[in-house]
Amino acid sequence: MPPTRPAAPEGFRTALGAFAATLGSAVGLGNIWKFPYLAGIHGGAAFVLVYLAAVALVGIPVLAAELAVGRRLRRNAVAAYAAAVPGYRAWGAIGLAGVAAAFLVMGFYTDVAGWVFAYVFKTLGAAARGTSLPPGTFAALAGGTWEPVTWQAGVLVLTGGILAAGVAKGIERVARVLLPVLFILLLVCDLRSLTLPGAGAGVAFLFKPDPARLTPHVLLGALGLAFFKLSLGMGAMTTYGAYLPDSARIVPTALRVALADTAVSLLAGLALFPAVFALQGTPDGGPGLLFETVPRIFARMPLGGWFTALFFVLAAVATIGAMVSLMEVPVAWLSARGRPGRGASAALVAGLMLLLGVPATLSRAAGLDAFRILGRTCFDLYDAASSQVLLPVGGLAIAILAGWALPRAGFLAELAKGERPGAWTGPALRGLLRWLAPGLILLAGFGLL
Ligand code: PHE
């Protein structure tokens, strides 16, 4: 096999480190910001149900396939897909589309991450003063110009700096400690939210499906979110697969990552919706849902101001873990030959991402919000083009590659590492990748036509 094995970051040397790293990429704004806001505008439980099915039937197989391709070829995503089937370099297009997707996702992700970082400082300040955030804080921040752009630039400098310094492994160590704390804090938030009078309506909203809401848009929206949530269809997990030790069993790793990630999303939903209903808000609040609701939930608890600040600190950490993996896709590709080096590659990529991201951030500013491309703001365009087009199409191509084009024995051997001989999980997974996963992705796509 290939001679160029990338220096495995320390955290990935053990199966547990690999799990933490992969989970660190999966858990991010998708769980606490995007999942609740999409479930809110798509009518709740029907969307949640389709989302869960998409994770189980499509997300887990594609995640395992990406990890397997990455580990088998042990190189950056573009090079890995180009070399996956000898003689068919065209598969490398998956990696190139993944690089494009990384730029598009970061274009809007860094805007929202900027809000999270701004909220860390705003909520800490409010807690220290013993006050709460004035009403309209979120609208003023998101609709501003210099303020959100400065935060966005700061987020990119931080993420680029982490990649350039090669301390991404440090992030995993931090995430390994802080992700469990985020989990516990979400549970506290859930308890407070669920015990508010009138909370039951929020639980019903999240778990009692209304079949009338099952439209083709909901199907594709939920599938796109499943890809986005598990960092799939764009090479991020392939890149991490290249750092995976042979001792890590791929199918159980994929299962555990999907389970833990889904649990965080559901806990976030259970924190927000009962409170939204109890406090007489509407669930379809859109992108501001998280930022407006969390301070209101904690406001009803002793030391609430400090809990709010802690929540945003942990959210910021989770966000960095996801952004590191997004930026790693183009950086690993650019720096694969040693020139430009990682530092220059990270600086270049961060600069380009900022150029692309500023129009998304400004798309909420007064006077600029009327600017539309294909009827959408820049922010929405990046989001839709990545989550509803590039990631599902990338996922479809990866499923077809793994199910049909990769030599069967090699692919199964990768899945069998660490398993007892004769394990059925590998062949079963390959079956899902051949038929069910591509079928469901095509079905969701055609529903729109
Ligand atoms: N999975 C991350 C989240 O939920 C986002 C992400 C998408 C990361 C694609 C990497 C690749 O926040």
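The values are calculated or read from the model by the stated rules, or taken from the named source; none is laboratory data. Because the structure is predicted, anything quoted here is derived from the model rather than measured. Cβ placement follows ideal geometry from the backbone for every residue including glycine, while neighbour counts extend to all protein chains displayed. Heavy atoms of the whole protein, side chains included, go into the accessibility calculation; ligands, DNA and RNA do not. Shrake-Rupley method; radii C 1.70, N 1.55, O 1.52, S 1.80 Å.
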From Arg75, Arg71, which residue is over 17 Å from the mean Cα position of the chain (by Cα), outside any loop (DSSP other than H, G, I, E, B), away from the ligand (no atom under 16 Å from the Cβ) and of a type in the set (Lys, Arg)?
Arg71
What about Trp306, is it farther than 30 Å from Pro274 by Cα and either among the aromatic types (Phe, Trp, Tyr) or touching a His at 6+ places or on another chain (Cβ under 8 Å) (or both)?
no
Does Ala347 count as over 19 Å from Ser231 (Cα atoms), more than 16 Å from the ligand (Cβ to nearest atom), hydrophobic (A, V, I, L, M, F, W, C) and not in a helix (DSSP H, G or I)?
no
Taking into account only those residues within the stretch 78-132 that are over 26 Å from Arg364 (Cα atoms) and crowded, with 24+ Cβ neighbours inside 10 Å, which is farthest from the ligand (Cβ to nearest atom)?
Ala84
Scope the stretch 19-46; condition away from the ligand (no atom under 16 Å from the Cβ) and assigned to a helix (DSSP H, G or I); matching residues
Gly40, Ile41, Ala45, Ala46
Cross-chain or 6+ apart pairs with Cβ under 6 Å, the stretch 314-336 first and more than 9 Å from the ligand (Cβ to nearest atom), then open to solvent by less than 10 Å² (accessible area, probe 1.4 Å) and of a type in the set (D, E, K, R):
none
If you go through the stretch 136-162 one residue at a time, how many are part of a helix (DSSP H, G or I) and open to solvent by 50 Å² or more (accessible area, probe 1.4 Å)?
8
If I ask for residues that are open to solvent by less than 30 Å² (accessible area, probe 1.4 Å) and of a type in the set (A, V, I, L, M), which ones from the stretch 432-449 would you list?
Leu433, Ala437, Ile441, Ala444
Go through the stretch 108-135 and give me each residue that's in a helix (DSSP H, G or I), of a type in the set (Gly, Ala, Ser) and in contact (Cβ under 8 Å) with a residue 40 or more places away in the chain.
Ala113, Gly114, Ala126, Ala127
I'd like the full set of residues that are among the β-branched types (Val, Ile, Thr) and either near the ligand (Cβ under 9 Å from one of its atoms) or modelled with pLDDT under 95 (or both), limited to the stretch 223-247.
Thr239
In contact with a helix residue (DSSP H, G or I) (Cβ under 7 Å, 6 or more places away or on another chain), open to solvent by less than 10 Å² (accessible area, probe 1.4 Å) and modelled with pLDDT under 95, is that true of Val324?
yes
Matching residues, the stretch 292-306, being over 14 Å from Trp33 (Cα atoms) and surrounded by fewer than 22 Cβ atoms within 10 Å (Cβ to Cβ):
Arg296, Ala299, Arg300, Met301, Pro302, Leu303, Gly304, Trp306
Is at least one residue of the stretch 191-202 within 16 Å of the ligand (Cβ to nearest atom), open to solvent by 10 Å² or more (accessible area, probe 1.4 Å) and of a type in the set (Gly, Ala, Ser)?
no
Scan the stretch 353-402 residue by residue and report those that are part of a helix (DSSP H, G or I), away from the ligand (no atom under 16 Å from the Cβ) and farther than 21 Å from Arg434 by Cα.
Leu354, Leu355, Val358, Pro359, Thr361, Leu362, Cys378, Asp380, Leu381
Any chance Trp306 is aromatic (Phe, Trp, Tyr), within 16 Å of the ligand (Cβ to nearest atom) and either closer than 21 Å to Pro134 by Cβ or assigned to a helix (DSSP H, G or I) (or both):
no
Selection from the stretch 403-431 of residues part of a helix (DSSP H, G or I) and either open to solvent by 60 Å² or more (accessible area, probe 1.4 Å) or of a type in the set (Lys, Arg) (or both) yields Trp404, Arg408, Ala409, Pro427, Arg430
Among residues belonging to the stretch 89-130 that are of a type in the set (Phe, Trp, Tyr) and under 16 Å from the mean Cα position of the chain (by Cα), point out the one that is nearest to Phe228 (Cα to Cα).
Tyr109
